[in-house]
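Colleague: Dropping the structure in here first, questions after.
Laboratory data are not the source of any read-out in this text; all were calculated from the coordinates shown. Note that this is a predicted model, so its numbers are computed, not measured.
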């Protein structure tokens, strides 16, 4: 093959690659079932505790959120802690609450419509109105498919 023909083919291939990179849009990222860790200091008298916010990109309330508590140092054996989703930055409840038992399977719940295509955060409180303070750890996800 002549040198000039190889040079033309190389230039054409390079131009095609650059054009493809510019013209082809980025592949969108889709929601998935993730395990996002949390570690709360659950404070007394049902004061709210918040995880960092995450964007819930789905348009469907059928795409449930989940929470699992893997550890709690509240006295009395396996204990419950109450969780729900709050909006962010406005702290409005965007799901119903669920009392989560330590070391139980993950709990999956439907959110309210206000949670769709919005920033949400996991919110927790002691399920008892008491002066108890304890640590709770586990994972959650704002959408699961």
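Colleague: So for segment 36-141, averaging the separation of alpha carbon pairs under 8 Å that are six or more residues apart and normalising by length, what relative contact order in percent results?
Modeller: Working: 276 pairs, mean separation 51.0, N = 106.
Relative contact order comes out at 48 percent.
Colleague: Follow-up question, since we're still on this one. Could you state, as a whole-number percent, how many of the C-alpha pairs of segment 36-141 are farther apart than 21 Å? Present the calculation step by step, with values, prior to reporting the outcome.
Modeller: On the way: 1610 of 5565 pairs.
Everything past 21 Å amounts to 29 percent.
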